[in-house]
Amino acid sequence: MRPSSEAVDMLAHTHVTDCYQCGKCSAGCPVGERMDVLPNQLVRLVQSGNFRRAMDCEAIWLCVSCQTCSARCPKSVNCAGVLDALRQLAVENNVINAAARRTIVFQQVFLNNIRRNGRLNELELVGVFKSKAFLKDASVPLLFKDSLLAPKMITRGKFHLMGEKVKDRALVGRIFERCFAEGPRGHK
Amino acid sequence: MRIGVFTCWCGENIARHVDCQKVAEAIRNLLGVHCSVDYKYMCSDPGQSMIREQIRNGKLTGLVVAACSPHMHLKTFRKAAEAEGLNPYMVEMANVREHCAWVHHDREAATAKAIDIIRMAVAKVQQNRPLAAIRVPVTKRAMVIGGGVAGIQAALDIADAGFEVVLVERDPSIGGKMAGLSETFPTLDCSQCILTPRMVDVGQHPRIKLHTYSEVEAVNGYVGNFKVTVRKKARYVDITKCNGCGDCWNKCPQKKNLSEFDFGMGKRTAIYVPFPQAVPARPVIDREACTMLLKGKCGICAKKCTRGAINFEDQDQLITEDVGAIVAATGYKLCDIGKDEGRYKGYGEYGFGRYADVIDGLQFERIVSASGPTGGEIKRPSDGKTPKSVVFICCVGSRDDAKGCGYCSKICCMYVAKHTMLYKHKVHDGQAHVFYMDIRAGGKNYEEFVRRAIEQDGAEYHRGRVSRITEHNGQLIVRGVDTLVGEAMTIEADLVVLATAMRPADGVESLAQKLNIGYDEYGFLSESHPKLRPVETNTAGVLVCGACQAPKDIPESVAQASAAAAKVMMLFARDELTREPEVAEVNEQTCAACFSCVRGCPYKAIDEADITDRQGRLIKRTARVNPGLCMGCGTCVAICPSKSVDLAGFTEQQVYAMVESLV
Amino acid sequence: MQIGYYPGCALHGSSNDYERSVRVCLGRLGMELRELDDWVCCGATAAHSLNAKLATALPARNLAIAERDGIDQMLAPCPMCSMELIKAGQALAASDALRREMSEIVEQKVSGATGVLNLIQVFQQIGLERIQKAVVQPLSQTKAACYYGCLLVRPPEQLRFDDCENPTSMETIIKALGAEAIDWNYKTECCGAGMTMCNEDTVLDLAHKILTDVAAHGANCVVVACPMCHVNLDMKQADVERRYGVTHRMPIYYLSDLVGMAMGASGAEMGVDRHYVVA
């Protein structure tokens, strides 16, 4: 999908034109301090059609989807949904912010995991994510991060080593295929 | 009948799409039409002269002017007819502009439609009968509801013009919100210093009758002739005996009641005068707080009163006042954002009602006011500490659709700037922060005032909204943003003042229903026309002024109050009123007395009446229209199952004639 | 009493202690859980970040199964799952076109009529009185900070659960157990949720803020009803302490842990021994 304010409105089920830039979203954002572009600025960029900057920023990938911005917005703009939409548009248009690569890879690995198993296989998720992230940004610390926790998790019975799979995995595959093939459209 | 038809070109407005000459020719052949002419501007002087000449020379008995909407010029042409001795209600207009030329492009079809419209008017006018304007007497006495600054101004203006005024105030004293303010923008003059002399004027005015602690219970009648029932709430103090010495309230043991006048920032006794300059300066007993009234124990005030003014047996009284005009000046309240309230959602994120040091603008007025509970020393409610850092937040409850209120409260930008100045003038080492979205300072010397707060008194303005307030070790942690810098920010504050939205005072909807006037979705009373009839309402004789109509500041409220007073004086300048005679009339012979019309009438203009013989024996019952109240809407005509109601000027006969002319 | 049960991936994975706790606790209250047959992942953050349609389709698959099997009420103890299921259900219920489209995608008729409840709502359904009656060991020593996090209360228009700025439903339950519920600031602030793995910095930062405020207000434990909150506050607590050079040592309980313990269940029975921070 080509980025446009209409596309964002449709994906996020909102009206970005309603935003009057009060900044309450940015004021309450738990990760606002780390963001290179604040949520209200992202909405402004969408309003003014500057999608290059809106998609190519780390901020959209720092968002923790806590919905605080949307819940407190005086104009009922679904700001969290706008960030979701920007993430989707960024990946579809191959705009990958360098600093956010790891998060993007994580989300993709997560979805592939679901596509294959129907349910999350955590061990596989960790393994695939770490090797992919390592290949992408060669972060040795990341490769071993949490490895200290792993034995503990196993002794605490917190890991299913095999992971679960749904019975009708073929259907899950078809659901994915349909959602990605028909051109993703917003529903929520 | 000799009818003249005058088709107007309205410059190009009509003539562009309607062939007026052709129209005039076609109409000329209709039965009863004596002459039919067209002209460029019928409403102009030469146009009117031509009409008058035709009436005179052609001895016309009916007139159709095919031109614009009757809202525009019906009066013009009726006057012209009247000047020639023709009954003005023998004039009809055919609207060939709005209903035809402006909405069609096909000239031929538009011309044909114009002919049809005029034919209908000709058919109607043939059924017209001369009507006479209705004359009603005027009671030259006004009622003002609400004794705030707007009500005071309106009452004094009307009384000073020589008419009697009845002023009804719900609280124990007049003065309204303004009496509780500290200083006023943009001059920083003391609010009480400018208001209290006006209050005294009201209290002493020979032509103002004051009902405090009273509310309007019912309104009957119509313009010039209202009957208003007022409930005088039991005060438990006979104010004719009381001399306001203060022995009672000084000795009252119930001292811990939150003071309404201080917006809960201070305390008062159970028998109390709301504030020292109150008018009347007579106490009232709070029946919810007095142990004598609640449990029959105490009575100290009665023992201390040397004049025997205390009366625990006092009852509410209903009194009736006859007035010719009513001015509603019921003012505003600040919204309570602590909880959800009907359509309005609370602001849990700001902790109002949860943290003692989060207060609203009117509460801040009281703690900065010399007459307030802290004697004008700025101390915060929780621990009495002088706040060294104060955050003011604009647009709380205003401009917030998600919380149910989209409008701008208009005065907050100004009073917040004022608050930062007053604070700085009293706490020199303190810092005021303001979170704002836009600064709306349109008014004489307003913008300069805001700049002074920033440039001279060092208020820090941050452009952005606050998301959340939390508390940590007695400090309020305010999480906001400066969108101009593009950074979220956190301010540790000792006190937070919320500029909360102005809403109409409680109970305004029920008052509006009693007065039969409109109000908007928020409860603000509706003016008749936003530009040209700003203080009139859709009910003749009822006027509005001040913040009950829309958020406004003191200068605007006062100006509007004087405007309303002027309208009252206009009304009282005449001995009787004339009203349009196009009102409903009941055929009392055929009326089946089902009274559907009585229930359906939106103006309460129809009464149930008895027809009696000479001995006073009931012959039959009937509905009867009060022509003073009837607005000619026709609802009753449509409702009546026995076809016993008709509307003068729009009789069924006339309407049928119009329809028949088309088929 | 029987209710549908959608565990979600976390409860069948690293948060299996939560599942145990929920099962034991609700079992003692006479609530039978009927697990949804062949349920799939709700899609979580990854789906709504990358493909809006998938974020409806995956929950729709689960709702379709529930409808097929005649389950009209379903507990989803993970707020992420329950929020996704509720959002999808409401979108489906509101749009004919969407119902048709989703029924095609998931190859089964789906209308979105299934009621989805979070854990607190199930306790509310059981009723305070019944819980109170079942209490054999009042938690008189417990001073709990109830932590709701994000998705139990947001987005409020869709979830319509409690006051989204100052919720109190967990407190009500905790008090019924004889425990004290303290008032504190960050009941609904985010802990970083699903960013644990890909953005640890954020999670540690937010968890530290929450744990610090909890301690400052005198709580001796935190109560959660979310597997992600538990991971970030419990499993990650040691990392928080290392990074900020502080000692929190704050035990983090699931709401069902406390209800269960008050009813006499042992910690081990409910998987409390699997928590990282031990009381």
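You will find that of A:172, A:166, A:109, A:128, the residue that is more than 9 Å from chain C (Cβ to nearest Cβ) and either under 30 Å from residue C:275 (Cβ atoms) or modelled with pLDDT of 95 or more (or both) is A:128 and no other. The residues in region A:1-32 that are within 11 Å of chain B (Cβ to nearest Cβ) and at negative phi can be counted, and the count is 12.
Restricting attention to region B:35-49, the residues that are open to solvent by 50 Å² or more (accessible area, probe 1.4 Å) and part of a helix (DSSP H, G or I) total 3. Residues of region C:189-204 that are of a type in the set (A, V, I, L, M), assigned to a helix (DSSP H, G or I) and at the interface with another protein chain (Cβ under 7 Å from one of its Cβ atoms): C:193, C:195.
Report those strands (runs of 3 or more DSSP E) wholly inside region B:436-497 carrying at least 1 residues which are within 10 Å of chain A (Cβ to nearest Cβ), more than 32 Å from the chain's Cα centre (by Cα) and under 22 Å from residue B:424 (Cβ atoms).
B:460-463, B:475-482, B:487-493
Could you say whether any residue in region B:522-530 is assigned to a loop (DSSP other than H, G, I, E, B), in the same structural domain as residue B:568 (by TED's automatic domain parsing) and either surrounded by 24 or more Cβ atoms within 10 Å (Cβ to Cβ) or without any contact (Cβ under 8 Å) to a residue 12 or more places away in the chain (or both)? Yes, region B:522-530 contains a residue that is assigned to a loop (DSSP other than H, G, I, E, B), in the same structural domain as residue B:568 (by TED's automatic domain parsing) and either surrounded by 24 or more Cβ atoms within 10 Å (Cβ to Cβ) or without any contact (Cβ under 8 Å) to a residue 12 or more places away in the chain (or both).
Name the residue, out of C:101, C:157, that is among the charged types (D, E, K, R) and either touching a strand residue (DSSP E or B) at 6+ places or on another chain (Cβ under 7 Å) or in the same structural domain as residue C:10 (by TED's automatic domain parsing) (or both).
On the way: C:157 fails: either touching a strand residue (DSSP E or B) at 6+ places or on another chain (Cβ under 7 Å) or in the same structural domain as residue C:10 (by TED's automatic domain parsing) (or both).
Going through C:101, C:157 in turn, just one is among the charged types (D, E, K, R) and either touching a strand residue (DSSP E or B) at 6+ places or on another chain (Cβ under 7 Å) or in the same structural domain as residue C:10 (by TED's automatic domain parsing) (or both): C:101.
Taking the numbered list (1) within 30 Å of residue B:122 (Cβ to Cβ); (2) open to solvent by 80 Å² or more (accessible area, probe 1.4 Å); (3) in contact (Cβ under 8 Å) with a residue 40 or more places away in the chain in turn, residue B:604 passes all entries but (1).
Given the criteria under 22 Å from residue B:512 (Cβ atoms) and not assigned by TED's automatic domain parsing to the domain that holds residue B:127, does residue B:599 qualify? Here the answer is yes, as residue B:599 does meet what is asked. Residues in region C:21-67 that are assigned to a loop (DSSP other than H, G, I, E, B), in contact with an Asp or Glu (Cβ under 8 Å, 6 or more places away or on another chain), surrounded by fewer than 24 Cβ atoms within 10 Å (Cβ to Cβ) and hydrophobic (A, V, I, L, M, F, W, C): C:36 alone.
Scanning region B:6-34 for residues that are of a type in the set (Gly, Ala, Ser), open to solvent by 20 Å² or more (accessible area, probe 1.4 Å) and more than 25 Å from residue B:649 (Cβ to Cβ) returns B:15, B:26.
Within region C:251-264, which residues are of a type outside the set (Val, Ile, Thr) and in contact with a Cys (Cβ under 7 Å, 6 or more places away or on another chain)? It would help to see each step written out before you state the result.
So the first thing to find is which residues in region C:251-264 are of a type outside the set (Val, Ile, Thr), and the list is C:251, C:253-258, C:260-264.
Of everything in region C:251-264, those that are of a type outside the set (Val, Ile, Thr) and in contact with a Cys (Cβ under 7 Å, 6 or more places away or on another chain) turn out to be C:251, C:253, C:256, C:260.
Summed over region B:382-402, residues that are at positive phi and basic (Lys, Arg) total 1. Being open to solvent by less than 10 Å² (accessible area, probe 1.4 Å) and at the interface with chain C (Cβ under 7 Å from one of its Cβ atoms) is the filter here, so list the residues in region A:79-102 that pass it. Of everything in region A:79-102, those that are open to solvent by less than 10 Å² (accessible area, probe 1.4 Å) and at the interface with chain C (Cβ under 7 Å from one of its Cβ atoms) turn out to be A:87, A:88.
Residues to consider are B:505, B:499, B:488, B:453; find the one that is open to solvent by less than 40 Å² (accessible area, probe 1.4 Å) and without any contact (Cβ under 8 Å) to a residue 12 or more places away in the chain. Before the answer, list the steps.
On the way: B:505 fails: without any contact (Cβ under 8 Å) to a residue 12 or more places away in the chain; B:499 fails: without any contact (Cβ under 8 Å) to a residue 12 or more places away in the chain; B:453 fails: without any contact (Cβ under 8 Å) to a residue 12 or more places away in the chain.
The conditions single out B:488.
Take region B:604-663 and flag every residue that is on the phi > 0 side of the Ramachandran plot and under 36 Å from the mean Cα position of the chain (by Cα). Before the answer, list the steps.
Here is the first cut: in region B:604-663, the residues on the phi > 0 side of the Ramachandran plot are B:604, B:616, B:632, B:634, B:643, B:649.
Answer for region B:604-663, where residues must be on the phi > 0 side of the Ramachandran plot and under 36 Å from the mean Cα position of the chain (by Cα): B:604, B:632, B:634, B:649.
Would you point out which residue out of C:18, C:5 is of a type in the set (Phe, Trp, Tyr), farther than 28 Å from residue C:92 by Cα and buried (at least 23 other Cβ atoms within 10 Å of the Cβ)? Let's see the steps before the verdict.
Values: C:5 fails: farther than 28 Å from residue C:92 by Cα.
Matching residue, one of C:18, C:5: C:18.
Restricted to region C:21-57, and to residues there that are touching a Ser or Thr at 6+ places or on another chain (Cβ under 9 Å) and over 25 Å from residue A:88 (Cβ atoms), the residue that is farthest from the other protein chains (Cβ to nearest Cβ) is C:26. Condition check: under 21 Å from residue B:138 (Cα atoms) and crowded, with 19+ Cβ neighbours inside 10 Å. Does residue B:623 satisfy that? Criteria not met by residue B:623.
In region B:623-663, of all residues being in a loop (DSSP other than H, G, I, E, B) and hydrophobic (A, V, I, L, M, F, W, C), the one that is farthest from residue B:594 (Cα to Cα) corresponds to B:663. Of the helices (runs of 4 or more DSSP H) lying entirely inside region B:208-310, none contains at least 1 residues that are charged (D, E, K, R), assigned by TED's automatic domain parsing to the domain that holds residue B:367 and free of Cβ contacts under 8 Å to residues at least 24 places away in the same chain. Filtering region B:404-433 to residues that are within 14 Å of chain A (Cβ to nearest Cβ) and either among the β-branched types (Val, Ile, Thr) or surrounded by fewer than 22 Cβ atoms within 10 Å (Cβ to Cβ) (or both) leaves B:404, B:406, B:407, B:408, B:433. When residue A:66 is tested against (1) within 8 Å of chain C (Cβ to nearest Cβ); (2) more than 13 Å from the chain's Cα centre (by Cα), only condition (2) is not met. Filtering region B:212-242 to residues that are open to solvent by 30 Å² or more (accessible area, probe 1.4 Å) and basic (Lys, Arg) leaves B:227, B:231, B:232, B:233, B:241. Restricting attention to region A:1-52, the residues being closer than 16 Å to residue B:468 by Cβ, open to solvent by 10 Å² or more (accessible area, probe 1.4 Å) and part of a helix (DSSP H, G or I) number 2.
Checking the structure you have, find out if any residue of region C:205-217 is assigned to a loop (DSSP other than H, G, I, E, B) and surrounded by 18 or more Cβ atoms within 10 Å (Cβ to Cβ).
Restricting attention to region C:205-217, the residues satisfying the condition of being assigned to a loop (DSSP other than H, G, I, E, B) are C:217.
With the extra rule that they be surrounded by 18 or more Cβ atoms within 10 Å (Cβ to Cβ), the set shrinks to none.
No, that holds for no residue.
Across region C:221-279, which residue is nearest to residue C:123 (Cα to Cα) among those that are of a type in the set (Ser, Thr, Tyr) and under 18 Å from the mean Cα position of the chain (by Cα)?
First pass over region C:221-279, keeping only residues of a type in the set (Ser, Thr, Tyr): C:244, C:247, C:253-254, C:256, C:266, C:276.
With under 18 Å from the mean Cα position of the chain (by Cα) added as a condition, the list becomes C:253-254, C:256.
Values: C:253: 16, C:254: 13, C:256: 9 Å.
Per the criteria, the residue is C:256.
The values are calculated or read from the model by the stated rules, or taken from the named source; none is laboratory data. In this text the structure is predicted, and so the values were computed from the model without any measurement. Glycine gets a Cβ as well: all are built from the backbone with ideal geometry, and neighbour counts include every protein chain shown. Accessible surface is based on the protein model in full, side chains and every heavy atom, while ligands, DNA and RNA are left aside. Shrake-Rupley method; radii C 1.70, N 1.55, O 1.52, S 1.80 Å.
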